[in-house]
Amino acid sequence: MIKNIIFDYGDIFINLDKPATARELHKLGIDDFTPEMVAKNQAYEKGLISTESFVDFYHQTFPNTTKEALIDAWNAILLDCPKHRLDFIKQLAKDKKYRLFLLSNTNDLHISWIQKDWGMELYDDFKTNFEQFYLSHEIHMRKPDTDIYEFVLQENNLKAAETLFIDDTAENTDAAKTLGIHVWNLIPGKEDVVDLFTHKKELF
């Protein structure tokens, strides 16, 4: 029986346009991520380098760009958060049947954009529905590395067999599954988190 639910953020609650950043970077003359760029992206997502250092790296690598254009391209992936999903998590928290957690690969630029776009009141209202709100750049770990799942389980005294993890990326759910965590690899556009209890009814 599921007692704990761990949710991803992007394309679970907030809609994403995943090709958008590559599309906007292409306009700036950036077509491929080199191994150095990939390493820098992951370090930033883990909070191992500052936003200033991250933007400076890209600006120095591509001097014909502006910092503002780079930041806009980086944030282009982020869209809206449908109200029905906010209502869903608020009701779930109110029912108090499950321990609720959020676990997201989210960098400082993205979370700052969300806070500004939503407004802090709505953002905090969303955040308070979760017992813990884990963002990769704050805990210095990222999915799909298994240490991030082990951290959440151990930190909160959760049993893997009693825990469901919901994420739109198969690589992330596959990693969690190796630890005995139940998973739902949600397909954006075809499935919606609000249908959780219909889609995964065998677990509840």
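Derivation of every value follows stated rules applied to the coordinates shown; laboratory data play no part. Remember, it's a predicted structure, so these values are computed and weren't measured experimentally. Here Cβ is always computed from backbone atoms with ideal geometry, including for glycine, and neighbour counts include all displayed protein chains.
Placing +1 on the Cβ of each Lys and Arg and -1 on the Cβ of each Asp and Glu in the stretch 58-204, which of 89, 120, 135 has its Cα farthest towards the positive end of the resulting dipole?
Result: 89.
Quickly estimate the mean residue ellipticity at 222 nm for the chain, helices only: each DSSP H run with n ≥ 4 gives -39500 (n - 2.57), and the total goes over all residues, rounded to 500.
Rounded to the nearest 500, the figure is -13500 deg cm²/dmol.
With a cut-off of at most 11 other beta carbons within 10 Å, and DSSP calling the residue loop, which trypsin sites (Lys or Arg not before Pro) in the stretch 158-200 qualify? Please list them.
Listed in order of number, the matching sites are 159, 190.
Lys and Arg at +1, Asp and Glu at -1: add these up for the other residues within a Cβ distance under 10 Å of residue 138 and post the number. Don't skip to the answer; put the middle values down first.
Working: positive: 46; negative: 108.
Computed value for this residue: 0.
Tally Lys/Arg at +1 and Asp/Glu at -1 over every other residue whose Cβ is under 13 Å from the Cβ of residue 149; what's the total? List each step's numbers first, then the result.
Details: positive: 142, 143, 159, 177; negative: 8, 145, 147, 150, 155, 167, 171, 174.
Around residue 149, the surrounding residues sum to -4.
Between residue 121 and residue 27, what length in nm is gained on full extension when 0.36 nm per residue of separation is reduced by their alpha carbon distance?
Here the segment from residue 121 to residue 27 would lengthen by 30.4 nm.
Long-range amide H contacts for residue 183: which residues qualify at under 5 Å (H placed 1.01 Å from N, peptide plane, sequence gap of 5 or more or a different chain)?
165
I'd like the Karplus ³J(HN,Hα) series for the stretch 194-200: coefficients 6.51, -1.76, 1.60, θ = phi - 60°, whole numbers in Hz, and an x wherever there's a Gly or Pro.
In residue order, the calculated couplings are 5, 8, 3, 6, 8, 6, 10 Hz.
Pulled fully out, how much extra length does the chain show between residue 17 and residue 83, if you take 0.36 nm times their separation in residues and subtract their Cα-Cα distance?
Residue separation times 0.36 nm, minus the Cα-Cα distance, leaves 22.0 nm.
Hey, got a sec? Which trypsin sites (Lys or Arg not before Pro) in the stretch 89-125 land in a DSSP loop and have at most 12 other Cβ atoms within 10 Å?
When the trypsin sites (Lys or Arg not before Pro) of the stretch 89-125 are filtered for loop state and at most 12 Cβ neighbours within 10 Å, 96, 97 remain.
Give me the number: length gained by fully extending residue 150 to residue 201, i.e. 0.36 nm times residue separation minus the C-alpha to C-alpha distance, one decimal in nm.
Value of the extension gain: 15.8 nm.
List, in order, the whole-Hz ³J(HN,Hα) value for each residue of the stretch 112-128 obtained from phi through the Karplus relation with A = 6.51, B = -1.76, C = 1.60 and θ = phi - 60°; use x for Gly and Pro.
So the J values, rounded to whole Hz, are 5, 5, 4, 4, 6, 5, 6, x, 5, 5, 5, 4, 5, 4, 5, 4, 5.
May I ask you to derive the FRET efficiency for residue 64 and residue 94 from their Cβ-Cβ distance with R0 = 41 Å, giving the value to the nearest 0.05?
Efficiency for this residue pair is about 0.20.
Counting only residues 5 or more places away or on other chains, whose amide H sits under 5 Å from the amide H of residue 99 once H atoms are built in the peptide plane?
4, 5
Ranked highest first by average number of other Cβ atoms within 10 Å, how do 179-185, 122-128 line up?
Most protected by this proxy first, the peptides run 179-185, 122-128.
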